[in-house]
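These notes concern the structure reproduced below.
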Amino acid sequence: MTGARGLLVACAITLVACGHHSASAASSSALPAIRNVPDGDWTRFDYNAARSGVGPAATGITAGRLSLLRVRQVAINGTVDSSAIALHAVRAAGRVRDIVVMTTTYGRTLALDPGTGAMLWEFTPADIGSYAGTSQVTTATPVADPNRRYVYAASPDGMIHKISVASGGEVRTGHWPARVTFDATKEKIASALNISRAGLIVVTSGYFGDATPYEGHVAVISLASGRIVQVFNSLCSDRHSLIDPPASCPAGSSMVGASGIWSRAGAVVEPGSGRILIATGNGPFNGSTNWGDSVLELTPDASRLLHNWTPTNQAQLAASDTDIGSSSPALLPPIHGVRLAVQGAKDSLLHVLDLNRLNGTTGGAGPRLDGEVQAISTPGGGQVYTAPAVWTHGGRTYVFVTDDSGTTAYVASGRRPRLRVAWHNSTPGTSPVLAGGLLYIFDEQNGVLKVYGPATGRRFATLPAAAGHWNSPIVVGGRIILPVGSYHDNLTTGQVLIYHLPGR
């Protein structure tokens, strides 16, 4: 490793001051351990099923303690182009401890002890040799079972694995592992896995370049048996099982794409109702069976499409590769009784939608276009590939959005709620997360992790890291866990940075 990236990694090892407002170096022997650090779990991408991006209210890391952070640089057998999850005080590798779990682009799922950086176990797909080093990858973040005894993870061969937290062994009873595609060379598991009361939720998309045939779909899997209990196909939605082969759905061979579901957050679960929200990518739309470039609301078990929002220029967006599905709907809490969602996209706009009237009416799904309540520019007018974070504080609801042109905090307010800009800066970033009252933005272009005051935009620290792609941090128990690297490099090695308070 040479050049600027090598310098950033070298800086990360000791957190020396490599830039403006960087955290200062901290000697492990000079600093006493910080006691009574609140701990907890971070069980899935963006913390909860609604993908709010807002984690624990207290993490032990405060603005005043950022200068105390040290870092463990852990080498791993692959690149994690996603985010980690964390479980507190579970039995793993023979004793009770905290663990961090992540999945590499070639489907290795591994567990680390974040307090030491030690590898505890590693699950490796049996067929990894057939695709390791190629462009057939997964960028899906795993998810923990509610009982905390298992994690669920994807591999590039189209399989979902149920893995023991204690040992890393795979469950191979019932229908486990579960197959969610019949052509893993064309259908990719890109988005984070989720769990709702209906079961494990997996979504599929196509690979870079939209090489059809493929078909975007939602698969709901029984946690107990591994059986697929429901499938919603975003094309040929009148068919309710995995389509084999994908080419048997004629719309899935469209030259403009096959309505893949590929955003970082994937399926979003609405609090209370349990309904599932997804956003689809380039593909044909007819308002009856084909739902390209749309936001779709499904029943909690994904058995039925309830509502859709489809922009008036849907056909143009599909033809110009300007996906609506580059992000997922970000859910806002009710404001004066109005339930809003914010949909980022590659058209450089944030689309504000009323969940009670997605297409502008209370009717069901259909061919009607438009219905959004507001469209506002993205940060710097960039395309959105990230998952926004939504935070309520002091009676105000903030929506934090990052893209390759900057970071913006929007505030939603008014009797007829609309977004307005609260603050903005030019820092690019991956999906933002907020925890312990601090906002974390991984600037993957410049290889640094920046920490802000969320209400004001004041920058408190810049932590040296390394370059990345879709990686995003988690913050829990006095630690920040950040994988780095990009799946585009086709590497079978990688690294994870663990910034931690003394004693953590």
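Where a number appears in this text, it was derived from the coordinates with a stated rule and is not lab data. Everything quoted here is computed from the prediction, not taken from an experiment. Don't worry about glycine lacking a Cβ; one is built from the backbone with ideal geometry, like all the others, and counts go over all protein chains shown.
By other beta-carbon atoms within 10 Å, ranking 370, 403 with the fewest at the front produces 370, 403. Pairs of Cα atoms nearer than 8 Å and 6+ residues apart set the relative contact order; for segment 295-375 it is 28 percent. Place +1 on the Cβ of every Lys and Arg and -1 on the Cβ of every Asp and Glu in the chain, take the dipole about the Cα centre, and give the residue among 207, 73, 260 whose Cα lies farthest towards its positive end. Result: 73, furthest along the dipole toward the positive end. Two numbers describe the Cα atoms of the chain: Rg and Dmax, which are 21.3, 66 Å. For the chain, relative contact order (Cα pairs under 8 Å, six or more residues apart, normalised by length) works out to 17 percent. Which part of segment 141-180 falls in the paramagnetic zone of residue 95, meaning amide N under 19 Å from the point 7 Å along Cα-to-beta-carbon? Flagged as within label range: 165-168. Taking 0.36 nm per residue of separation and subtracting the current Cα-Cα distance, fully stretching the chain between residue 459 and residue 377 would add 27.2 nm.
Counting neighbouring beta carbons within 10 Å and listing from fewest to most, the residues 88, 161 come out as 88, 161.
Sequentially through segment 97-104, phi angles give Karplus couplings (6.51, -1.76, 1.60; θ = phi - 60°) of 6, 7, 9, 10, 10, 8, 10, 7 Hz, Gly and Pro residues having no value and appearing as x. Between the helical axis of 3-14 and the longest alpha-carbon principal axis of the chain there is an angle of about 60 degrees.
The Cβ shell under 13 Å around residue 225 holds other residues with a net charge of +3, Lys and Arg each +1, Asp and Glu each -1. Among 188/450; 346/450; 186/346; 162/188, which pairs are too far apart, with a Cα-Cα distance over 26 Å? Beyond 26 Å between Cα atoms: 188/450. Near the amide H of residue 165, within less than 5 Å, lie the amide hydrogens of 150, 151, all on another chain or at least 5 residues away, with H placed in the peptide plane. Taking Lys and Arg as +1 and Asp and Glu as -1, the other residues whose beta-carbon sits under 12 Å from that of residue 167 total 0. Full extension of the chain between residue 224 and residue 368 yields a length gain of 47.9 nm, computed as 0.36 nm times the residue separation minus the alpha carbon distance. Backbone N atoms of segment 346-364 closer than 19 Å to the 7 Å Cα→Cβ label point of residue 320 belong to residues 346-352. Whole-Hz Karplus values for segment 357-371 come out as 9, 4, 9, x, 9, 8, x, x, 5, x, x, 5, 9, 6, x Hz, taken residue by residue from phi with 6.51 cos²θ - 1.76 cosθ + 1.60 and θ = phi - 60°; glycine and proline positions read x.
Arranged from fewest to most other beta-carbon atoms within 10 Å of their beta carbon, 215, 122 become 122, 215. Annotation: amide H of residue 348 within the under-5 Å range of 384, sequence separation 5 or more or interchain, hydrogens built in the peptide plane. With Cα atoms defining each centre, segment 189-213 and segment 422-460 are spaced 27 Å apart in the structure.
In this simple spin-label approximation, residue 418 and residue 393 carry label points 7 Å from Cα along the Cα→Cβ vector, and these lie 2.5 nm apart.
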